[in-house]
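Notes for the one structure printed next.
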Amino acid sequence: MAKDSVSAADYVVICGFLSLSVGIGLYYAFRGRRRKTREEYLMGGRRLHVIPVTLSLCVTYLSSTSFVGMPAETFSSGFTYAFVSLGCAVAMFITVFTVVPMMHSLQLTSVYEYFQLRFGSVVLRRCICVVGMVQNIFYTAVILLAPAVAMETVAGLPLWVSVLLVGAVATLYTAIGGLRGVVAVDVFQALILAVGLYSILFKGVYDIGGIGLTWDLAVQGGRVPPVDFSADPRVRHSFWSLVVGGAFMFMAYIFDQSAIQRMCALPSVRQAKLVYAATGVVVSIYVVSISFLGLVAYSYYTVQGCDPFKAGYLKNRNQLVPYFMMEIFNGLPGMSGLFLATIFSAGLSSVSSVINGLAANTIEDLLRPVFDRYNTAEKGKIFTAKMSVFFYGGLCVCLSFGAWSLPGTVIQAAMGIGGACSGPVLGVFLLGAAAPWGNIMGAASGLLVSLVLNVWIALGGIMYGRRPVPLPPAPGNSCHVLDAANTKGLHLPDPFNNSTGHQDIRTR
């Protein structure tokens, strides 16, 4: 059974990782102290390089919610979620030949400038900006939960402490380092993420007895179900919902402030195309790998004869990955710290990218008229951008505590929040880019109607949608808790039983 504490070596690894992240931000703040312009702070002087931006964009998409939520989704619902990788590949292929050439040529700082240029309306630009910013704020609040859940599961650290820690570190190095600092830290965090993920995969497969046995046990346990080609939109994980829906989801992510900001920070359109082509490959491989981690966890507990949910060790599916890691790395000093650093990497990179983008939106979309009216100096604009970073970082931390009460895995919450707001924004963009006859009335009415419909669909899914049927848990005959319970005639609640309401998705 996993331990509830980590060693001193693990804390050294975690503290070293967090210190290096802040240190990189300080380095770029010192290095760029003489280039005190808004362009340098928000866009890196538009002279960034292909490999750093590729890794930065990848870890921005690969948030901590995916690292914690996707394996839990596979563990309980099967490997079909990996088809999202096909949707990602399709989205990136389309982007390379359409979005990149158009958006890079405009050399924007804020993605929402496009709407004013296309439709000639400042009001529409600001309305869409507010929708996009609200989406990113709530999405970031969910992202902050994943590292906190891991720390609570592994080290018993209260959730609020971890949320404050991750939020504070991300906000600090983002504010002091600007976009260059964020990209540099993202490169470091991408390496940590890759090492951590594949260390867990290789160790888990080794303990099970090989990749062949891992796959066979997953198939026998129903974790590799047949592909469902149903066109029914109420089916949770059909082929079409994952591939087509995944493609639109990643298209929405592409047309986001964080992504467009990095695209326009590259010197040439050719480099921007290379970045998105490479990102499509890397993210697709990651989605398959992280989904496979759920199969590894299931096969491992099948071999052990102890399902942690059925045994009552875990009640929150988001705790699966940290608990599994503690099991396989038990007795190896520093490895638990590496795992926590991996989750922190995924969380910090996404949070820093979002709040840096929110600062850019604040300066370019909301406050630019004020700056122009009073002829504000560049120094004042940079100071305002840094204060905006601190404000949005604090706001996301506060909202994160409320996000913990959301039902389901964090990946479900993140996708639901992202889809509700990013879909309408993407729709207005497609209208402007693909329909020359599109006008301000069509864009405004489309935005309003799609937002209302999304809310209606989301609420309808919660109230009347077809509930997912969890797969049977792994065998639990060898669990000491179950043996004790059976001896005393006790009944442990099954967290996969929907009749227990939401008791299975919250830590009590």
- Task: Mind pulling up the Rg/Rh value for the range 30-180? Radius of gyration and Kirkwood radius, both on Cα.
- Result: 1.01
- Task: For the range 202-319, count the residues as N, evaluate 2.2 N^0.38 Å, and divide the Cα radius of gyration by that value, please.
- Result: 1.41
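Listing 31, 373, 262 from the residue with the fewest other Cβ atoms within 10 Å to the one with the most, what is the order? Intermediate values should be presented prior to the final figure.
Working: 31 13, 373 8, 262 28.
Starting with the residue having the fewest Cβ neighbours, the order is 373, 31, 262.
Quick check for me: using +1 on Lys/Arg Cβ and -1 on Asp/Glu Cβ, what's the dipole size of the range 8-404 about its Cα centre, in debye to the nearest 20?
Values: 27 positive and 18 negative charges, 288 e Å.
Dipole of the range 8-404, to the nearest 20 debye: 1380 debye.
Under a Cβ-only charge scheme (Lys and Arg +1, Asp and Glu -1), can you give me the dipole magnitude of the range 15-156 about the Cα centre, in debye to the nearest 20?
On the way: 11 positive and 5 negative charges, 176 e Å.
That gives a dipole near 840 debye.
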- Gained length - residue 105 relative to residue 401, 0.36 nm times residue gap less alpha-carbon distance: 102.5 nm
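For a quick protection proxy, order the peptides 220-228, 280-288 by their average other-Cβ count within 10 Å, most packed first.
Details: 220-228: 14.7, 280-288: 19.6.
For the peptides 220-228, 280-288, the packing ranking is 280-288, 220-228.
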- Using Cα centres only, tell me the gap between the range 196-240 and the range 35-76 in whole Å. 27 Å
- Between the modelled labels at residue 168 and residue 433 (7 Å from Cα along Cα→Cβ) the distance in nm is 4.1 nm
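Express in % the proportion of alpha carbon pairs of the range 271-342 at distances exceeding 13 Å. Working shown, then result.
On the way: 1877 of 2556 pairs.
That tail contains 73 percent of the Cα-Cα pairs.
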- Message: Suppose we look only past 33 Å in the calculated P(r) of the range 8-404. What percent of the Cα-Cα pairs does that tail hold?
- Response: 31 percent
- Return a whole-number percent for the relative contact order of the range 8-404, with Cα pairs under 8 Å and 6 or more residues apart as the contact set. 41 percent
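Could you work out the relative contact order of the range 75-174? I mean the mean sequence separation of Cα pairs under 8 Å and 6+ apart, divided by the number of residues, in percent. Walk me through the numbers on the way to the answer.
On the way: 34 pairs, mean separation 12.0, N = 100.
Relative contact order for the range 75-174 comes out at 12 percent.
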- Query: By count of other Cβ within 10 Å, fewest leading, how are 143, 260 ordered?
  - Reply: 260, 143
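Count the lysine pairs in the range 8-404 that are 8 or more places apart or on different chains: how many have C-alpha atoms under 28 angstrom apart?
Lysine pairs, 8 or more places apart or on different chains, close enough: 5.
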- Describe numerically, in nm with one decimal, the distance between label points set 7 Å from Cα along Cα→Cβ at residue 232 and at residue 30. 6.2 nm
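Throughout, read-outs are computed from the coordinates displayed, never taken from laboratory work. Computed from a predicted model, the values in this text were never measured in an experiment. Virtual Cβ from ideal backbone geometry, glycine too; neighbours counted across all protein chains shown.
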